[in-house]
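One structure is given below, encoded as structure tokens.
Throughout, read-outs are computed from the coordinates displayed, never taken from laboratory work. The structure displayed is predicted, hence computed values, not measured ones. Positions of Cβ are backbone-derived with ideal geometry, glycine not excepted, and every protein chain shown enters the neighbour counts.
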Ligand code: X8Z
Ligand code: ZN
């Protein structure tokens, strides 16, 4: 199985590729006599077979655990997970035997690198280590899945709280939800500390400085260069974020008053319409300027008015991909997916996309609500599924995205095409209600509240984890370091004081779920690169944000060519195949938002921006 949000990302190979060796040579057992290229080929094909067989059963087990959390399914998931960890560590060490083997083919070299680098949580060979690691990782994820908070003193699931954070506007009630939900992290702390210890021992045995270094190794470049690249990309788009932050802070100050949101300094984290302040589109009504800001429709309202249910939302998402020429989703998708939250059992609600048989047993797992956020998330998850199916003819170790950022970007790139004119075409919006060109700033602002606001969050989650794995962030400072990064990059502060008894990172799915997060930062930039390329291919001449390539079969064909490559080539080759460029960068995103940037600078003139 390959899940894109790996439910239990332990034995699952990281998306990504590498032609470069890890920083240190893996400390594999000394080769008895030089290993030959023919032996390497045989080793790789046996490894692919073993992993493929295991992945199907593992996928079934993890699926059952995520869609029916009990002590028993936790135990089963942890046991199979441990088997997977032991298998992948054994194969990683086996692969290192061929480090000095001359004459390896491109594919064998690449696959050996994947085997050595692609373990999210490695364990050392100490007896019992893999079992302990997987017991902890399963418990962390299930603790998150079962988490509850309150609103008006009444218990609510994490999924319900997530939605309410987008609609409630009373600061006291927002604070209640934020504070009560963040308690979910507290019992995770000790487990997290131990998990980091074990995984690091495992990473060291495989020749890496720590687990974070292993995560950074999967991008077809030296790990240090990759870390520097992410910083460079952030510097490129940061001015846009600073302007958006400045403007949003001013509007929140006007709405709530200085006692709740001061006019200067950081923004209070619970006022931004999202539990993690990671996307702010839900408070568009608070920041919309008079006139240009009145775009005349709201996706949630349209879905509700047209009586969409979650199934119809997914069918609509499928319809977009079909319009590009992709085959319909298989019947089993509809039979086996979890589209809504089951009412009588605990599940992991955080959305994910699955491919259970590495061929066509595609599924999504969501607790879909009828709102604009989940409409975008559906396109996002389906992007994973169509990617998985497009590369299903590749050998096992290439069943992955060009890098993990590509996998996260496909569905979002499709969703950028959900423009007012597209909504008219599918009958959601009345054609008289298409916003006129003088509403462009409003449309761009709405989009920026989600897309631009996310950038610093997308970067800092792994800044924290890289620090934790490297030991520069120690357990007695876990929470402080998290909130320091939130302040430094996002310019936000928690609504109440925090201490080391809190474990706020644990209240964000990907931390207890052990899903690397830099992928989402990369995807934010890549999706605009893909979108601009598709619009160019479609011959679009108007403002970029009004372009929809819905129904364009040429775009679909060219997209399919990139997706079908899977991880078989270094990611610059895949990027070039679709966009003509070999660089990930922020230029397309900046071009998309250029009119908004100019407008924000005008609005913020004379203000002290930053915090
Ligand atoms: O986790 C996700 C997807 C599943 S891969 C729903 N996303 C990140 C998040 O929710 O934090 C998509 C955007 C960022
Ligand atoms: Zn995703």
request  = Any chance you could get the radius of gyration and Dmax over the Cα atoms of region 268-409, in Å?
outcome  = 17.3, 55
query = Which distance in Å, rounded to a whole number, links the C-alpha centroids of region 549-575 and region 236-259?
reply = 37 Å
key: On Cα atoms only, tilt of 158-167 relative to the major axis of the chain in degrees   = 30 degrees
message = Relative contact order of region 215-345, please, whole-number percent, based on alpha carbon pairs below 8 angstrom and at least 6 residues apart.
response = 10 percent
ask   = Roughly what % antiparallel, to the nearest 5, for the DSSP beta bridges in the chain?
value = 75 percent
key: Two-site label geometry, residue 72 and residue 438: point separation in nm, points 7 Å out along Cα→Cβ   = 6.6 nm
ask   = Against the longest alpha carbon principal axis of the chain, how many degrees, from 0 to 90 and to the nearest 10, is the axis of helix 404-415 turned?
value = 30 degrees
key: q = 0.06, 0.08, 0.11 Å⁻¹, the chain: log10 I(q)/I(0) [Debye, one scatterer per Cα]   = -0.29, -0.53, -1.06
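Suppose the chain between residue 254 and residue 224 were pulled fully straight at 0.36 nm per residue; how much longer would it get relative to their current alpha carbon spacing?
Length gained, residue 254 through residue 224: 6.4 nm.
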task = Quote to one decimal, in nm, the extra length available between residue 474 and residue 150 on full extension: 0.36 nm per residue of separation minus the C-alpha distance between them.
result = 113.5 nm
message = What whole-number distance in Å separates the alpha-carbon centres of region 293-350 and region 134-191?
response = 24 Å
Protection proxy ranking of 568-576, 509-517 - average other beta-carbon atoms within 10 Å, highest first = 509-517, 568-576
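Once the piece of chain linking residue 500 and residue 263 is laid out straight, how much longer is it, given 0.36 nm per residue of separation minus the C-alpha distance between them?
Going from the current span to full extension adds 82.4 nm.
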key: Ordering of 493-504, 358-369, 478-489 by packing [mean C-beta count within 10 Å, highest first]   = 358-369, 478-489, 493-504
inquiry  = Once R0 is set to 45 Å, what does the formula 1/(1 + (r/R0)^6) return for the Cβ-Cβ distance between residue 186 and residue 335, expressed as a FRET efficiency to the nearest 0.05?
reply    = 0.70
Shape of region 209-335, Cα gyration tensor, a/c cut at 1.5 = oblate
key: Calculated P(r) tail over 18 Å for region 113-254, as whole % of Cα pairs   = 71 percent
request  = Report the FRET efficiency, 1/(1 + (r/R0)^6), for residue 345 and residue 605, where r is their Cβ-Cβ distance and R0 is 41 Å, rounded to 0.05.
outcome  = 0.15
inquiry  = Viscosity 0.692 mPa s, temperature 37 °C: what is the translational diffusion coefficient of region 95-142 from Stokes-Einstein with a Kirkwood Rh over Cα pairs, rounded to a whole number of µm²/s?
reply    = 253 µm²/s
query = With each label point set 7 Å from Cα along the Cα-Cβ vector, what nm distance links residue 359 and residue 107?
reply = 1.9 nm
query = Using the C-alpha atoms of region 125-180, what convex hull volume per residue, in cubic angstrom, is computed?
reply = 85 Å³
query = Using a simple spin-label model with points 7 Å from Cα along the Cα→Cβ vector, what separation in nm is obtained for residue 573 and residue 52?
reply = 2.0 nm
ask   = Does region 344-476 come out rounded, prolate or oblate by the C-alpha gyration tensor, with a ≥ b ≥ c the root eigenvalues, rounded set by a/c under 1.5 and, if not, prolate when a/b is larger than b/c and oblate if not?
value = oblate
query = What is the Cα centroid distance between region 471-513 and region 393-454, reported in whole angstrom?
reply = 30 Å
ask   = With a 10 Å Cβ neighbour count serving as the proxy for reagent exposure, in which order, fewest first, do 138, 340 appear?
value = 340, 138
query = When the helices in the chain are scored as -39500 (n - 2.57) per DSSP H run of 4 or longer and the sum is shared across all residues, what 222 nm value do you end up with, to the nearest 500 deg cm²/dmol?
reply = -17500 deg cm²/dmol
note = So the FRET efficiency between residue 392 and residue 45, C-beta based with R0 = 22 Å and rounded to 0.05, is 0.75
message = Quick check on packing: order 309-319, 326-336, 381-391 by the mean number of other C-beta atoms within 10 Å, highest mean leading.
response = 381-391, 309-319, 326-336
key: Prolate/oblate/rounded label for region 172-235 (Cα gyration tensor, a/c 1.5)   = oblate
query = When each pair of different Cα atoms in region 461-595 is counted once in the 1/r mean, what is the Kirkwood radius in angstroms, to one decimal?
reply = 17.8 Å
task = Could you work out how far helix 372-390 tilts from the main Cα principal axis of the chain, as a 0 to 90 degree angle to the nearest 10?
result = 30 degrees
